[in-house]
Structure formats: C-alpha cells, structure tokens
Amino acid sequence: MKNRQTKPKGLAHKRLPRRALILGGLQAAFIGGLAARMRFMQVDQADQYRLLAEENRINIRLIPPTRGRIYDRNGQVIGQNTPSYRIVIVREDAGDLDKVIAKLSELIPLNDDEIDRARTEMRRSAPFLPVTLADQVTWEDISKVAVNTPALPGVTPEVGLTRQYPSYEDFAHIVGYVGPVSDYDLSQINDPEPVLHIPRFQIGKVGLEAKQETALRGKAGAKRVEVNATGRVMRELDRQEGQPGADLQLSIDADLQEYAQARLAGESAAAVVLDCETGDIRAISSAPSFDPNLFVRGISVADYQTLTQDKYRPLANKTVQGTYPPGSTFKMVTALAALEAGVVGPSNTVYCPGYLKVGSRRFHCWKRGGHGTVDLELSLKRSCDVYYYDVALRVGIDKISEMARKLGLGVKHDIPMSAVAAGLAPNQEWKRRVHGEDWLVGDTANASIGQGFMLASPLQLAVMTARIATGRAVSPRLVRSVDGIEQPSGAGEPLEINRFNLDQVRKAMFSVSNSRRGTAYRSRIIADEFRMAGKTGTSQVRNITKAERAAGVIRNEDLPWERRDHALFVSFAPYDNPKYAVAVVVEHGGGGSKAAAPVARDIMLQALYEGTPPLEAYPAGDRERIKEQQKRLEGDRRPKARPDDKDRA
Amino acid sequence: MSYLEYAVKSTPSGFRKFLYMNWPLTLLLISAACAGFLMLYSVAGGSWLPWAEPQMERFGLGLAVMFIIALVPIWFWRNMSVLAYLGAIALLVFVELFGTVGMGAQRWIDLGFMRLQPSEVMKITLVMLLAAYYDWLPSYKTSRPLWVIIPVILILVPTFMVLRQPDLGTSILLLAAGGGLMFLAGVHWAYFAAVIAAVVGLIATVFNSRGTEWQLLKDYQFRRIDTFLDPSTDPLGAGYHITQSKIALGSGGWNGRGFMQGTQSRLNFLPEKHTDFIFTTLAEEFGFVGGITLLVLYTLILVFCLVTALSTRDRFSSLVTLGISLNFFLFFAVNMSMVMGLAPVVGVPLPMVSYGGSAMLVLMAAFGIVQSAHIHRPR
C-alpha cells in the first residue's frame, strides 16, 4: 500500500513554489508580450492591415455591354442580340473529363474542333472557371442536357447573348458580322479596352459592325466582387451598370434590299440605289452573298473554302470594294467636261467612220461601220465612241479627271463599310507619279469612254448619276441615325456645273432609254410619272487585237466567263423630278443594255412603287415575262425561315 | 496516518468527488472549447460541418474522459506514469513504421474514427513520467549529474523520435515542457545556463549545416526559418501564410469585422484556417477585444492550475499540474506567436480551439489528471 501514498511536500521541496512562481512570472510576461503585439497590430496598425485586406479580396469584373441593334429605315431588325444557349463545363466538378464528354456526345452532336479548343482553354484557365463546350446549341439539345445533368457532373447549360442577323445573306456585305476577339484584333488596337479581354467577347469584324464598333459596343459596366485566394467569386459587392451600345438605323430599305439581292441572284453583280434627295443608300447589294451568321458562330473550314473558292467571290463586297472600268457610263463625264470647257456645244457634230486615228493608232468605235454624223444626244443615245475620243482630245484629260472627281468618281466616299475603294480618275500628274511615264493622247482616248486607267465602284457610279440628276453634290449616307440622333443628310451643295449643260446631258440620257434607237430602249419604263433616264456601259476586260478585229470581234457568249465584258447601267428616275439613282454592274455579264439595264429598271420600279410594281409600268411586250419573273422572285424571297434554322437556334 | 484514515479524512468518495472538482477550471475549458466551435462554424462558411460538429462530439468525449480520469485517485496515475511513457514510445515507434503520411510528415495512426497523433500523447506522458520521477527521487539528489542525466535522456528519446517524423513544433514543445519540469523540480540553475548555451551553439551549428551534406534540418524547415526572418521577401510563396495571417489579424481592428464577416479567413486567403491559423479568424472577426478575451481565458486556466499546484502538498500532483499547465501555455504561446509573426510556422494548434481530435482528447485527459490531483489532494 506504500505506493498509494503520495509524498507530502517536505521542507526539502521549498523550491517548488518559488520555481513555480518564477515560471508563472515568465509565462505572464510572455502573455503580456502577446497582448502587446496584438494591440500593436490590431489597434495601432489596423488601418494599414485593413487596406491590405481590401486589396486582397476585391476584384473588379467587367459586365459586357449589350451590343447596339441595327435597323433598316423602316425599323425592321437587321442585326440583333438573341439568347444563345451554350453548354459549359467546369473541370473541377467534372471529375473524369473524358467520360463526361463522351457521355455528352452521346446525347447531343459535339464538334471535335470545339472540344479540342475547350480542352486547351481548360488547361490554361483555373479549374473552377466554366469553359464553353458547345456554342449556339438548340433548345432541344439544351433540354436534353438539362434533363440529364445528374449524369453529367460539371456540365451546365447557360444562356447568353449572341449576334444574329435575321435577314441572312441580304445584309451580309453592309452590316458585316461580329466574331470573338482574336489575338490579332487585340494587336491591331492601341491600348485595347479591358472589355476586349473577356474571352469570346464579340466585336465587329467586317462591314458596319466593324466600322461602327465603338458606337455599337457601348461601355462595359463593372462589378466589384469578393474573391478568394484562388480567384473564385464569392459574392458581388456592388455594380456599376455599363452603357449599352447605340442602336443604328440604316438608310437601307430592307424590302428593296431584299428584292435587289434576289434580282441579282445567279450573277456576280452589284446594284446600288441612291436617294437623290438625301443621298440615302436605299439598297446596296452585292451578289452572290453569304450568311453572316456562319461567321458569328465560327465558320467551318469547309464552308469557308466553299466561299473563297467560288469564282463569283461571295465574300467580296462588289458595290464599294469592286472597281470596274466604267465604260460608256463614263461618257456623261467626258461630255460634261467638254461642254463646261466650251470645246463643244450640244449641237456640234462629230463624224464617226467607225474609228478615230490618234497618231499611228486607230481607236475603234464599238460599231464597226460607225455612226456617221453624231451630236451630243445621239452620241449618248447610241453610245458612239468616236465622238468621245474626239471631244476628249480637245478638252484634255485633266479637265475630264476634274469633272469625274466633281461627280464623285475617283474619290473615296465616307460610308461605314469595309474596304471602300477610291476608284481612279487619272490625270497627267497621276500617271507621272505612279507609273513614271508621260500621259499619252491614247490614254485620253481610252479614258474618255471609261476604259484604260479609269476605275469606278458601283457606289461611285450611283453617286455620279445622282449628281448629274440633281446638279447637287449628293453624297451617300448609310447610317440615318445613331441612338436616335439623325445623321447629317447627304443632299449636298449645288455643283458648279452649268444647268444648261446638265440638262443637255440628262436629255440625252432620257433618249437612251426612251427613244426607239436608244441602247436601253428595251428596258424603258412606260409609266409616265416614272420615266427613267440612263446610260448603258459595256467595259472590256481584255484587249482586242488587230487580228481579232479584222476577223470580227468574238462575241461575248463565245468567251469564257471571266473574259467577257462587264455590263453596266446607270439610271435615274423620274426623269423630271429625280428621286432615285440606280447603278448596276454585272461582272462579265456581256452588254450593258442586255445584262444590266433590265436589272436596273426592275430595281428602280421596285423602289419607285415601294413594292412590286404594276405590270403597266413595263412595255407591253415584256409584261408576260415580267409577270413570270415577279412570281419567281416572290417565291425566292418568301422563305424567311431557312431549313437550317431548326437544328441551330 | 494510516491509509484508512487518509482515505476517510481527506478524500471525497464516489460521486461526491464531482463536488470537489475544480469547477472554475472546467468552466474555463468549456468556454474555450465553445469559442472553438464558434470559430469552426464561421470558417466553414456558417456550417456545422465539416468541422464544428465533429469537434463538439470530440469535446463531449474529451469531457467524459476528463471526468473519468478525475475520479481515479491521483496515485494511480502516478503509478501508471512509466507504463504510459513506454506506451507512448511504442506508439511513436509504431507511427514511424506504419503511420499515415499527411502534409509531408508521418504523424498519425488511423484508428478509423479518429487519427491518433502519438506525439500529442507523448507530451502528457513525458510530463507524468518526469513528475513521478521527481516525486520518487529524494530531493537532495535532484541536482546530481547522474540524476539529471536520466530525465534528460527520458526527454531526448521522444524528442528525437518526433523530430524524425518530422515535426519540429512538437519536438520543441517536448523539450521545453521537459526542461520546464526539471526546472520546477529544482534542478540547479547552472544546468539550465549550460543547456541554453548549448542550444545557442546548436542553432549556430544548424545554420552552418545548411547546404552541406550533413544538413540537420529539411529544406522546408530552413525555408520556414527564412520566411520567419523576412516574410516580405516571398509574399506569394513561402512567406504567404504569415503575411496573410498578419493581414487578417491586423485588419480585425479593435472590434473585429463581426462574426462570419472575416473576409480573409472566409475567402481562403488563410491557410489551415481551421487548425493552426484559427486564432487569426477569431482575431479578424472579433478584433482585439476577442483576442484578448481568449488570452485572458487561457491565463485564467494557467492561474487555476497554479493555484491547484501550490495548494496541494503532494509533490507528484504539484509537478504534474504545473507540467500540464506549462504544456498548455506552450501550446497557445507558440501558436499565437506564430500567427502574429513572432515565431516560425511550426504547426502547433491552438489548444481547445483548433480543429483536431487527438490534441483535444489528450489535453482533456491531461486536465483530467489535474482535476484528479485537485480532488485527491491531501487535506
């Protein structure tokens, strides 16, 4: 039992209380030190640490702005934001990624490219950040995924906004399209806005979308969020709403645009309808076109190749980007230059034997036998070349070039579309500067009939026509209003051209399509209030050799497509009170009177009647054919909902 | 005084013992544990799982263990000391051979319902053994070299075993607790002076060993020392923990950010927020007031232990009580110094508050011995 006793403290253990107290004292001192340290940090230095803590946890996240919508002049939607369903995956939650993706691909069609891209993205980003697996998923597929979420860990359907163009091909060249910001885009911008760094943020790539990017984009909002050390958002502290992008209203009339697009279908062609009073572009169509929605969601290689390998070049915007020798449509310019210079009067005549000898070279008229004696009216009506060679040599290239510029050729018009070409209205100085050669008389002869160096885009031709029709410096306007604010009209100041001279040219243009032997007589408008004046043009894309001329010029139909002549037609109507100017270019279409004039007339009538024109407006002999055509085009235009709408929402 | 007389006169028996327990101490322990539950609830983002609820269960178990141990006469525990020490050594050997590797160290034995950390057990059994040793040793022999070397060996054996795991924090605590007990037992101060001199020499040696083939500490331990000396050099790497911990603590201010409002801890900026760094959360959410309150709570626990130790006439009871209170002190002093940036991050939990089963259970068992000493003190 000895061990059960505990030893009482004897005198020998006096030290214990003393040492216990010493140790206790040391402990107390240490605790005091801790308390002092705590006080120092939490009271004296609290502000400093609090600041550090704020910096630690608060992060600023951008709220992407809603992109401005695009309307036509009547408020029809052309570019809108639609909810787009996408499927995102969070790596952290997915567990076995391959298994989940395999399971998902059994449910809905998945694109291999997209999956590869998603995998790369996942490797780069934090494991808790959602990565898009499939974009633009249909509602049906989304439902399938939603129902099966328990079996698909980490996979969630999400809704966002994406750009959508409800009129498909019709506005592709005007509006262009948006696409996710690329590294290249960023490298092109100085000091890019932070919002551009949001992955897959859509910016305008081409066309109006690109040119009006700043207005359409708006200002990004920001939210302050609390994040943890790994960057995961824990909660939102406050938010500052951004400013949605401005809505744009175009000068385009969607119905007319749609009609023009349908009318041009099958050709590689361009048509521009200009409002003579305001310069509003009512329609500006380039055919063939493409579906801009393909680019929004990321075009497949196959689709892209189809577009680039098409010899009709659907991606090129022929209305502003394509420049063509204006051919005979340029003759008004030469005529006006000569009239203004006083080297020729309206009734002065020139004899056309079928050619003009300039130095040692013969310049031929398109009509082999010649037109005989021609005055101004006849020269335009029958499109005599020799008349223009002759007057051009008298007035000189510099005056012609000056007149061309006055009428809007060879100058770049300021409209928000991509790759707007300046065309070319050459003069002596230009040739010396660019080619280092002197201007030759032969160059003047070529230029006088819109060949040689002369180049103009369909838009420029329409502007030229509108300026001749009104005598004012009409300039094209594509955007009517930005965010409800009316943009300056393109009506323009009166041109410094003698009214009498303009009238003479207009009168001649009237004969072109209204007098029996005019080159566009077959494409006239019968309705009295809507009489049309115009000018045909056929521009060569090849040289006609002496040998060929001797043997007889090969007919267009016998040439390969790309060597045929371009067909052009410019017109304005009504003759006595011009409302619209229309320019049509059919690439390699053959003769202007045959290939371009009927198209221009149909579009003009469509514009004048603001819809399908009555058959009475057409010459009696054409009415049956036109009726057929109208029916066919109606059919072409009606199906708004495309078959491919169903599988892609 | 016969045993019978002693038993009848001085010791309460049966459930009457409950009345003679050191109730203020019990209440202080419960308060500290409650502070722990609250903080664990907070760091889990306002949820009883995964930490607060298991912790409460373990504290309940710990209380039961404390009561049971308290009811057993103190002499039994003295007689058990050697056995307990040997058992703890055996556990250390076992963990060395079969232990679970976690956080880069081999420390735990997985018992299924909890993970037992033998080094925690060793802290208490070492104190018990040394108390028993000095209880047995006639006091005139206390400072004789032979009788000094024996307890030194008893201390060093487990210390090196723990250091090998590697667990620098616990091994330092073992050394400090053992040394403290020898100091309390009355070993001549000259020994301590010699040891302190030796430690200084050792530290110099350790630092000189860096980068050589006989490097005495692991690289991560050296790095911890480096970042302790200047945490700002690597705020996102090695010094990250201390820097973040100091930001959290300092930003608490006078009143704190409010319960569950501690941004640093809730947002995972804090490492080990539920274990070693829980004090940071408390200081962030309850500020200086909260921190000081806990410190006062701890101090009161020490005071009650000291009073118990000084009021008993039994040498083992005195020594074991003081040893346990010293252990307790070392726990929170090292932990708080660590989170305040005064000591390197060595992985010592905050007693009664940090999440952790074995530390909590062992501590409650230790306080059971303190209670037993209090109940069974000779009157």
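The values are calculated or read from the model by the stated rules, or taken from the named source; none is laboratory data. Keep in mind it's a predicted model, so treat the numbers as computed, not measured. Backbone-built Cβ (ideal geometry, glycine too); neighbour counts: all protein chains shown. Each accessible area value is taken on the protein alone, full model and side chains, heavy atoms only, with ligands, DNA and RNA left out. Shrake-Rupley method; radii C 1.70, N 1.55, O 1.52, S 1.80 Å.
Check off (1) among the hydrophobic types (A, V, I, L, M, F, W, C); (2) within 13 Å of chain A (Cβ to nearest Cβ); (3) out of contact with any Gly (no Cβ under 7 Å at 6 or more places or on another chain) for B:L174 and give me the number that stays unchecked.
(2)
Residue by residue, here is whether (1) open to solvent by 20 Å² or more (accessible area, probe 1.4 Å); (2) within 27 Å of A:D385 (Cβ to Cβ) holds:
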{"residue": "A:E562", "(1), (2)": "yes, yes"}
{"residue": "A:V570", "(1), (2)": "no, yes"}
{"residue": "A:G592", "(1), (2)": "no, yes"}
{"residue": "A:V599", "(1), (2)": "no, yes"}
{"residue": "A:I603", "(1), (2)": "no, no"}
{"residue": "A:T612", "(1), (2)": "yes, no"}
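Is it true that some residue in the range A:32-54 is in a loop (DSSP other than H, G, I, E, B) and either over 22 Å from B:A343 (Cα atoms) or away from chain B (no Cβ under 14 Å) (or both)?
Within the range A:32-54, none of the residues are in a loop (DSSP other than H, G, I, E, B) and either over 22 Å from B:A343 (Cα atoms) or away from chain B (no Cβ under 14 Å) (or both).
Would you check which residues across the range A:325-343 are of a type outside the set (D, E, K, R) and surrounded by fewer than 24 Cβ atoms within 10 Å (Cβ to Cβ) and list them? Reasoning before the result, please.
Within the range A:325-343, the subset of a type outside the set (D, E, K, R) is A:325-330, A:332-339, A:341-343.
Hits for the range A:325-343 are A:A341, A:G342, A:V343.
Going through the range A:378-428 one residue at a time, which ones are open to solvent by 50 Å² or more (accessible area, probe 1.4 Å), farther than 30 Å from A:Y177 by Cα, out of contact with any strand residue (DSSP E or B) (no Cβ under 9 Å at 6 or more places or on another chain) and in contact (Cβ under 8 Å) with a residue 24 or more places away in the chain?
Within the range A:378-428, A:R394, A:D398, A:K399, A:E402, A:K406, A:Q428 meet the criteria.
Residues being part of a helix (DSSP H, G or I) and either buried (at least 18 other Cβ atoms within 10 Å of the Cβ) or touching a Lys or Arg at 6+ places or on another chain (Cβ under 8 Å) (or both): count how many of those fall in the range B:126-151. Let's see the steps before the verdict.
In the first step, residues of the range B:126-151 are kept if they are part of a helix (DSSP H, G or I); the result is B:126-136, B:139-141, B:145-151.
From what's left, either buried (at least 18 other Cβ atoms within 10 Å of the Cβ) or touching a Lys or Arg at 6+ places or on another chain (Cβ under 8 Å) (or both): B:126-135, B:139, B:147, B:151.
So the answer is 13.
Does B:L294 satisfy the condition of being more than 8 Å from every other protein chain (Cβ to nearest Cβ), modelled with pLDDT of 90 or more, under 30 Å from B:P166 (Cβ atoms) and part of a helix (DSSP H, G or I)?
Working: more than 8 Å from every other protein chain (Cβ to nearest Cβ): yes; modelled with pLDDT of 90 or more: yes; under 30 Å from B:P166 (Cβ atoms): yes; part of a helix (DSSP H, G or I): yes.
Judged against the criteria, B:L294 is a match.
Given the range A:508-616, what strands (runs of 3 or more DSSP E) lie entirely inside it while holding 2 or more residues that are among the β-branched types (V, I, T)?
On the way: elements: A:533-539, A:566-573, A:580-586.
In the range A:508-616, the matching strands (runs of 3 or more DSSP E) lie at A:533-539, A:580-586.
State yes or no: is A:G10 more than 7 Å from chain B (Cβ to nearest Cβ), more than 30 Å from B:E284 (Cβ to Cβ), modelled with pLDDT under 75 and over 60 Å from the mean Cα position of the chain (by Cα)?
Considered against the rule, which asks whether it is more than 7 Å from chain B (Cβ to nearest Cβ), more than 30 Å from B:E284 (Cβ to Cβ), modelled with pLDDT under 75 and over 60 Å from the mean Cα position of the chain (by Cα), A:G10 comes out as yes.
Filter the range B:184-219 for residues that are closer than 20 Å to B:K123 by Cβ and in contact with a Lys or Arg (Cβ under 6 Å, 6 or more places away or on another chain) and give the result.
The one that is closer than 20 Å to B:K123 by Cβ and in contact with a Lys or Arg (Cβ under 6 Å, 6 or more places away or on another chain): B:L184.
Within the range B:302-345, which residues are within 20 Å of B:K273 (Cα to Cα), within 8 Å of another protein chain (Cβ to nearest Cβ) and open to solvent by less than 10 Å² (accessible area, probe 1.4 Å)?
Listed by number, the residues that qualify are B:A333, B:M336, B:S337, B:M340.
Results for (1) more than 28 Å from the chain's Cα centre (by Cα); (2) outside the structural domain of A:D414 (by TED's automatic domain parsing); (3) open to solvent by less than 70 Å² (accessible area, probe 1.4 Å), shown as yes or no for each residue.
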site: A:D113; (1), (2), (3): no, yes, no
site: A:E121; (1), (2), (3): yes, yes, yes
site: A:V175; (1), (2), (3): no, yes, yes
site: A:Q202; (1), (2), (3): no, yes, yes
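With the requirement that a residue be more than 29 Å from A:N498 (Cα to Cα) and surrounded by fewer than 16 Cβ atoms within 10 Å (Cβ to Cβ), what does the range A:344-374 give you?
Within the range A:344-374, A:P353, A:K357, A:G359, A:S360, A:R361, A:R362, A:K367, A:R368, A:G369 meet the criteria.
Here's the yes/no breakdown for (1) modelled with pLDDT of 65 or more; (2) more than 11 Å from every other protein chain (Cβ to nearest Cβ); (3) open to solvent by 50 Å² or more (accessible area, probe 1.4 Å); (4) within 16 Å of B:S42 (Cβ to Cβ):
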site	(1), (2), (3), (4)
B:I247	yes, no, no, no
B:G253	yes, no, no, no
B:M260	yes, yes, no, yes
B:N268	no, no, yes, yes
B:H274	yes, yes, no, yes
B:E284	yes, no, no, yes
B:G287	yes, no, no, yes
B:G290	yes, no, no, yes
